[in-house]
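Peer 1: The structure is given below, and queries will be raised subsequently.
The values are calculated or read from the model by the stated rules, or taken from the named source; none is laboratory data. The model shown is predicted, which means the values in this text are computed figures rather than measured ones. With ideal geometry, Cβ positions are generated from the backbone for all residues, glycine too; neighbour counts draw on all protein chains shown. SASA here: full protein model, heavy atoms, side chains in, ligands and nucleic acids out. Shrake-Rupley method; radii C 1.70, N 1.55, O 1.52, S 1.80 Å.
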Amino acid sequence: MSYPRHRYRRLRRSESLRSLVRETSLSPRDFIAPLFVVPGENLRQPVPSMPGVDRFSPDLAAKEAVELKKLGVLSVILFGIPATKDARGSTSADPDGPVCRAVRGIKSESKETIVMTDVCLCEYTDHGHCGILDGENVHNDETLKVLAAEAVAQAKAGADVIAPSDMMDGRVAAIREALDKERFEDVAILSYAAKYASGFYGPFREAAESTPSFGDRRSYQMDPANVREALKEIAADVEEGADMVMVKPALSYLDVVRAAKESTNVPLATYNVSGEYAMVKAAGRNGWIDEKRVTLEILTSMKRAGADLILTYHAKEAAAWLA
Ligand code: PBG
């Protein structure tokens, strides 16, 4: 018999007691801060649908990485907005493109910062799809070569971790092979293994100028209704050589995060995506929620579900709150 012998409220009486028995903790080290990088210099452009998020030119991205480091956030992931786009996403492997320039800049100003780079073609193609088109279909195997070249260019610039988000089959193996061939065997791969075709990516596509010009991404990203399929994707990516895997989005997919945690031993990341961020900011600005409290509760829920790492636009502010 439980009550009155057991009174759960005994351990909730003070903040000290609560913190003594707290099961989950958040640290700035858990966060990976996404940075949007544009060509040019001395540019800082606010993203309207993501208050508090700016697009930076490579020089200012390096300064931002230094600020993040001071707050304890040691990882960033870069997304590039190139000066020009074409059908094959050719500028994705440009060593002088914004991402490669930012990698070099960050590494020279903040060598402890772990620089991750998103590998995908949607920011680089004029049609906005994540691969090479064959009619209206994204051709899987044609796309692999272009992704591998993008990854090698980023590794040459000094990226520590390559993060493919395109959802082509076999891309982890293709990228691993290309990296090893160029003697980048120590560059790690964080695979967006279970990435869903989600409505929560809207603000990101505004920031990255990557909305598809026709159709949608449902023929390559996962159906939101599936969880067993996520475990197959994760197992396949680990088998192909992924060092870490990711579930994306996060908030509506915490059951997938938990299932992923139970099925694999590699470090697990989750992506607290742009739409999740925008909703919190909008409600906070309207005075409808306590923004700081809700943000920390959301981030805690992701760790509690099993994420080791959280990609989040809240990284900087949350790190400051946790200090
Ligand atoms: C694709 C990519 C996307 C995001 C990260 N990488 C967009 C998409 O698949 O359409 C979305 C991230 C977010 O919404 O924060 N390169």
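Peer 1: Please list, ordered by chain and number, the residues whose modelled amide H lies under 5 Å from the amide H of VAL119; skip anything fewer than 5 residues away on the same chain.
Peer 2: ALA163, SER165
Peer 1: While we're on this one: Provide the convex hull volume over Cα atoms per residue for the chain, in Å³. Let's see the in-between values first.
Peer 2: Values: hull volume 48.0 nm³, N = 323.
Output value, Cα hull per residue: 148 Å³.
Peer 1: In degrees from 0 to 90, rounded to the nearest 10, what is the angle of the helix 140-157 Cα long axis to the longest principal axis of the chain?
Peer 2: It works out to around 80 degrees.
Peer 1: On to the next question. Mind running the shape call on segment 163-238? Use the C-alpha gyration tensor, a ≥ b ≥ c as the square roots of the eigenvalues: rounded below 1.5 for a/c, prolate if a/b tops b/c, oblate otherwise. Please list the in-between numbers first.
Peer 2: Values: a/c = 2.47, a/b = 1.45, b/c = 1.70.
Cα axes put segment 163-238 in the oblate bin.
Peer 1: With a ≥ b ≥ c taken as the square roots of the eigenvalues of the C-alpha gyration tensor of segment 185-323, please select rounded if a/c is under 1.5 and otherwise prolate if a/b is larger than b/c or oblate if it is not? Show your work: numbers first, answer last.
Peer 2: Values: a/c = 1.80, a/b = 1.30, b/c = 1.39.
Oblate, since a/c reaches 1.5 and b/c is not below a/b.
Peer 1: Go through LEU43, LEU60, LEU11 and list them by solvent-accessible area, largest first, probe radius 1.4 Å. Don't jump to the answer; show the numbers that get you there.
Peer 2: On the way: LEU43 60, LEU60 35, LEU11 85 Å².
Listed by decreasing accessible area, they come as LEU11, LEU43, LEU60.
Peer 1: Just to be sure I understand the model, the point goes 7 Å from the Cα along the line to the Cβ. What's the resulting GLU317 to ASN226 distance in nm?
Peer 2: Roughly 3.5 nm, to one decimal.
Peer 1: Going toward the positive end of the dipole of the chain, with +1 on Lys and Arg Cβ and -1 on Asp and Glu Cβ, which of VAL256, ALA173, LEU26 do you reach last?
Peer 2: Working it through, the farthest residue towards the positive pole turns out to be LEU26.
Peer 1: Here's another thing I want to ask about it. Is the shape of segment 111-174 best called rounded, prolate or oblate, per the rule: a/c under 1.5 gives rounded, else a/b larger than b/c gives prolate, else oblate, with a ≥ b ≥ c the square roots of the Cα gyration tensor eigenvalues?
Peer 2: Numbers: a/c = 2.66, a/b = 2.03, b/c = 1.31.
Prolate, since a/c reaches 1.5 and a/b exceeds b/c.
Peer 1: Here's something else I'd like to know. Give me the three principal axis extents of segment 141-200 from the C-alpha atoms, as integers in angstrom, largest value leading.
Peer 2: In descending order, the Cα extents are 37, 23, 15 Å.
Peer 1: Same structure, new question: Which length gain, in nm to one decimal place, applies between ASN42 and VAL66 when the Cα-Cα distance is subtracted from 0.36 nm times their residue separation?
Peer 2: Working: separation 24, 0.36 × 24 = 8.64 nm, distance 1.55 nm.
Length gained, ASN42 through VAL66: 7.1 nm.
Peer 1: Relative to the first principal axis of the alpha-carbon coordinates of the chain, what is the inclination of helix 274-285, with its axis defined by its Cα atoms, in degrees from 0 to 90 and to the nearest 10?
Peer 2: Roughly 50 degrees, rounded to the nearest 10.
Peer 1: Also: In percent, what relative contact order does segment 1-117 have, based on Cα pairs under 8 Å that are 6 or more apart in sequence? Intermediate values should be presented prior to the final figure.
Peer 2: On the way: 172 pairs, mean separation 30.7, N = 117.
Computed value for segment 1-117: 26 percent relative contact order.
Peer 1: Taking the chain as a Gaussian network, where each spring joins two C-alpha atoms under 10 Å apart, which residue of ALA87, ALA207, ALA307 fluctuates the most?
Peer 2: Comparing ALA87, ALA207, ALA307 in a Gaussian network model of the chain, the most mobile one is ALA87.
Peer 1: Next up: With every protein chain left in place, what is the accessible area per residue of segment 24-322 in square angstrom, probe 1.4 Å?
Peer 2: On the way: 12040 Å² over 299 residues.
With the other protein chains kept in place, segment 24-322 gives 40 Å² per residue.
Peer 1: Shifting gears a bit: With each pseudo-label sitting 7 Å past Cα toward Cβ, what's the GLU109-ARG218 distance in nm, one decimal?
Peer 2: Distance between the two pseudo-spin positions: 4.3 nm.
Peer 1: Label-point separation (nm) for SER301 and ASP86, each offset 7 Å from Cα along Cα-to-Cβ?
Peer 2: Between SER301 and ASP86, the label points sit 4.5 nm apart.
Peer 1: While we're here: Near the amide H of LEU35, under 5 Å away, which other amide H atoms are found, from residues 5 or more places off or on another chain, if H is placed in the peptide plane?
Peer 2: Here the answer is ILE77, LEU78, PHE79, since their amide H atoms fall under 5 Å of that of LEU35.
Peer 1: Using each residue's phi in segment 114-122, evaluate 6.51 cos²θ - 1.76 cosθ + 1.60 at θ = phi - 60° and report the 3J(HN,Hα) Karplus result to the nearest Hz, with x for Gly and Pro.
Peer 2: After applying 6.51 cos²θ - 1.76 cosθ + 1.60, I find 7, 9, 9, 10, 6, 10, 6, 10, 4 Hz.
Peer 1: Residue-wise, which Karplus ³J(HN,Hα) couplings in Hz belong to segment 70-83, taking 6.51 cos²θ - 1.76 cosθ + 1.60, θ = phi - 60°, and x for glycine or proline?
Peer 2: Rounded to whole hertz, the list is 4, 8, x, 8, 9, 10, 10, 10, 9, 10, x, 10, x, 6.
Peer 1: A further question follows. Rounded to the nearest 500 deg cm²/dmol, what is the calculated helix-only ellipticity per residue at 222 nm for the chain, with -39500 (n - 2.57) per DSSP H run of length n ≥ 4? Mind dumping the intermediate values first?
Peer 2: On the way: 11 runs with 125 residues, N = 323.
Per the formula, -12000 deg cm²/dmol.
Peer 1: Give me the percent of accessible area attributable to carbon and sulfur for segment 24-70, probe 1.4 angstrom. List each step's numbers first, then the result.
Peer 2: Numbers: 1010 of 1970 Å².
Answer for segment 24-70: carbon and sulfur cover 51 percent of the accessible area.
Peer 1: Quick one: Debye curve from the alpha-carbon atoms of segment 63-148 only, equal weights, vacuum; give me log10 I(q)/I(0) at q = 0.24 Å⁻¹ to two decimals.
Peer 2: Taking Cα atoms of segment 63-148 as identical point scatterers yields -1.06.
Peer 1: Hey, any idea what Rg/Rh is for segment 1-138, computing Rh the Kirkwood way over Cα pairs? Could you put the intermediate results ahead of the total?
Peer 2: Working: Rg = 22.0 Å, Rh = 17.8 Å.
Taking Rh as the inverse mean 1/r over Cα pairs, Rg/Rh reads 1.24.
Peer 1: Can you work out ³J(HN,Hα) from phi for every residue in segment 174-180, in order, using Karplus 6.51 cos²θ - 1.76 cosθ + 1.60 and θ = phi - 60°, giving whole Hz and x for Gly and Pro?
Peer 2: 5, 5, 4, 5, 5, 5, 5
Peer 1: Using only Cα atoms and rounding to the nearest 10 degrees, what angle (0 to 90) does helix 228-240 make with the longest principal axis of the chain?
Peer 2: The answer is roughly 60 degrees.
Peer 1: Based on Cβ point charges of +1 for Lys and Arg and -1 for Asp and Glu, what charge dipole magnitude is obtained for segment 24-322 about its Cα centre, in debye rounded to the nearest 20? Don't skip to the answer; put the middle values down first.
Peer 2: Working: 34 positive and 45 negative charges, 190 e Å.
Dipole of segment 24-322, to the nearest 20 debye: 920 debye.
Peer 1: Normalised by the number of residues in the chain, what is the relative contact order in percent for Cα pairs under 8 Å and 6+ residues apart? Display every interim value, and only then the final one.
Peer 2: Numbers: 650 pairs, mean separation 57.4, N = 323.
Relative contact order comes out at 18 percent.
Peer 1: Rounded to the nearest 0.05, what FRET efficiency do HIS6 and ASP290 give with R0 = 41 Å and r taken as the Cβ-Cβ distance? Could you check?
Peer 2: On the way: r = 31 Å, r/R0 = 0.77.
It comes out at approximately 0.85.
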